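The values are calculated or read from the model by the stated rules, or taken from the named source; none is laboratory data. Only a predicted model underlies this, so the values are computations on that prediction, with no experimental measurement involved. Note: ideal-geometry Cβ built from the backbone for every residue, glycine included; neighbour counts use all protein chains shown. Areas reflect the complete protein model, heavy atoms only, side chains present, ligands, DNA and RNA absent. Shrake-Rupley method; radii C 1.70, N 1.55, O 1.52, S 1.80 Å.
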Amino acid sequence: MGLGEHEAKSPDRMRLEHAIETFLATRSSGTRSDVAFWGAQFDAGLAWVAHPIGLGGLGVSPELQAVADERLLAAGVDRSNIRRNQIGYGIVAPALVVHAASVLQAQRLRPLFTSEERWCQLFSEPGAGSDLAAVATSAVRDGDCWVVNGQKVWTSMAHAARWGLLLARTDPSVPKHRGITAFMVDMHAAGVEVRPLRQMTGEAEFNEVFLTSVRVPDGHRIGAVGDGWAVAKTTLANERTYLGSLLSARTTAADGLLAGWRECEARSDVLRDRVVQAYTELQLLRWLAGRDAARRTSGSVGPESAVLKLMMAESNKRVTEVGLDLLGSDGMIYGSYVIDAPDEADLTIAEPRKAFLRARANSLEGGTSEILRNVIGERVLGLPSEPRPQ
Ligand SMILES: Cc1cc2nc3c(=O)[nH]c(=O)nc-3n(C[C@H](O)[C@H](O)[C@H](O)COP(=O)(O)OP(=O)(O)OC[C@H]3O[C@@H](n4cnc5c(N)ncnc54)[C@H](O)[C@@H]3O)c2cc1C
């Protein structure tokens, strides 16, 4: 994605560079890792550069986000606000920009970016994962409010979230995709109960969430009544892109592989081939993520996002397996089995044993690899769809 010496800079890029340098110049002293700083970053349009002006962006091409990230990182800008609120930043915010009422956008996006308000995604249920349109959690209108009852599952970081983006059934009498509405739910409201679920890493990153007669104001509805499936599609497409680019952009994995090889006591030709293969895959994924970003325009992520997410998930499982094998028999000893609910969902883990265990979930979260192959087959390649009994 680098700009060649002789390539002309686009007007978008010049505008972005000017905004960054002006912002950094006005914040030349003081900490670059606090709420006031991140708030100013949002106001300067450097939170999500593709968002409209006033909503944390500059309205420039999404591919320029990487340019902004690189420059801000080099200037020492801390990204712990984003790490603490990955779901809010990468998955919920793009849906709010497209579907939420302007008053909600104005109220919620800034504290979301500063991570004063963290978010979780209340989509999956015990009977609705891959078949998400089967959600059974109900929302029944009662005056100015909706009364929500049901159970969600696998809700990452619900224990730390202030808000949840909820899909609920508001009309059971119409075909399933048309009877769903999206809401933002106050995770501290009466009737919301969060129970941790343990993962194979030892951590309880995700949870069950029980919703019992939770009152949600109609003003917290996202999109029109019955339009929740459109909100879900925007959210899921952005989730794939975000997860895909998050993992494929990391250089630590490539560095970790090389360091692991240098220290490896059980080197073999076979292992060397696998390290080279994994290293090459990581490089290819970086280019794929760059191409994916270049193709996107603000607010629109197509079914092609499934390609990046699928490649990332399958590759990350292979890469972390090589990382583990480089440790030889030491790879079997998992020394840091910490049993707790973490404060951040860390997908870019450096420790090889934990990275190996956490990567197994990559092909489930954000849509399983089987489902993504269906999406690619049907919606990208135009192949006949699989039988749908319902
Ligand atoms: C680490 C992690 C974090 C998560 N975080 C969240 C979160 O924050 N919020 C949230 O809402 N959800 C979250 N999820 C849930 C995730 O989205 C679901 O696990 C996923 O969509 C699969 O649903 P399921 O678990 O119900 O599996 P199922 O849908 O029951 O699928 C079981 C198996 O059958 C296969 N399968 C199902 N249908 C088909 C088909 N039509 N064709 C081929 N194969 C099929 C699947 O690929 C899978 O292998 C998380 C999951 C994980 C692992």
### Task
Mind checking which of 138, 42, 184 is farthest towards the positive end of the chain's charge dipole, using Cβ charges of +1 (Lys, Arg) and -1 (Asp, Glu) about the Cα centre?
138
### Query
Can you give me the Cα centroid spacing of the stretch 173-240 and the stretch 69-93 in angstrom?
23
### Message
What does the extension gain come out to for residue 69 and residue 262, with contour length at 0.36 nm per residue minus their alpha carbon separation?
### Response
66.4 nm
### Query
Add -39500 (n - 2.57) for each DSSP H run of 4 or more in the chain, then divide by its residues: what number comes out at 222 nm, to the nearest 500 deg cm²/dmol?
-12500 deg cm²/dmol
### Query
Which GluC sites (Glu not before Pro) from the stretch 7-75 combine a DSSP loop assignment with at most 10 other Cβ atoms within 10 Å?
7
#### Entry: Amide H within-cut-off set for residue 187, under 5 Å, with H built and near neighbours excluded
163, 164
### Summary
For the stretch 276-361, the percent of accessible surface on carbon and sulfur atoms (probe 1.4 angstrom, ligands and nucleic acids excluded) is 59
### Task
State the extension gain, in nm to one decimal, for the chain segment bounded by residue 21 and residue 78, taking 0.36 nm per residue of separation less the distance between their alpha-carbons.
18.9 nm
### Task
For the stretch 112-200, just say rounded, prolate or oblate: build the C-alpha gyration tensor, square-root its eigenvalues into a ≥ b ≥ c, call rounded for a/c under 1.5, and beyond that prolate if a/b exceeds b/c, oblate if not.
oblate
### Task
State, to one decimal in nm, how far the label point of residue 171 lies from the label point of residue 233, with both points 7 Å from Cα in the Cβ direction.
1.7
### Message
Taking θ = phi - 60°, what integer Hz values does the Karplus form 6.51 cos²θ - 1.76 cosθ + 1.60 yield along the stretch 274-285, in sequence order, with x for Gly and Pro?
### Response
5, 5, 5, 4, 5, 4, 5, 4, 4, 5, 4, 5
## Note on the structure
Result for the stretch 63-207: accessible area per residue, probe 1.4 angstrom, in square angstrom, of 39
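Taking 0.36 nm per residue of separation and subtracting the Cα-Cα distance, what length does fully extending residue 199 through residue 373 add?
Stretched out fully, the residue 199 to residue 373 stretch lengthens by 60.1 nm.
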### Query
What list of ³J(HN,Hα) couplings, whole Hz, do you get for the stretch 348-355 from phi and the Karplus terms 6.51, -1.76, 1.60, once you set θ to phi - 60° and write x for glycine and proline?
10, 7, 8, 5, x, 5, 5, 4
### Message
What distance in nm separates the two pseudo spin-label positions at residue 277 and residue 14, each 7 Å out from Cα along the beta-carbon direction?
### Response
4.9
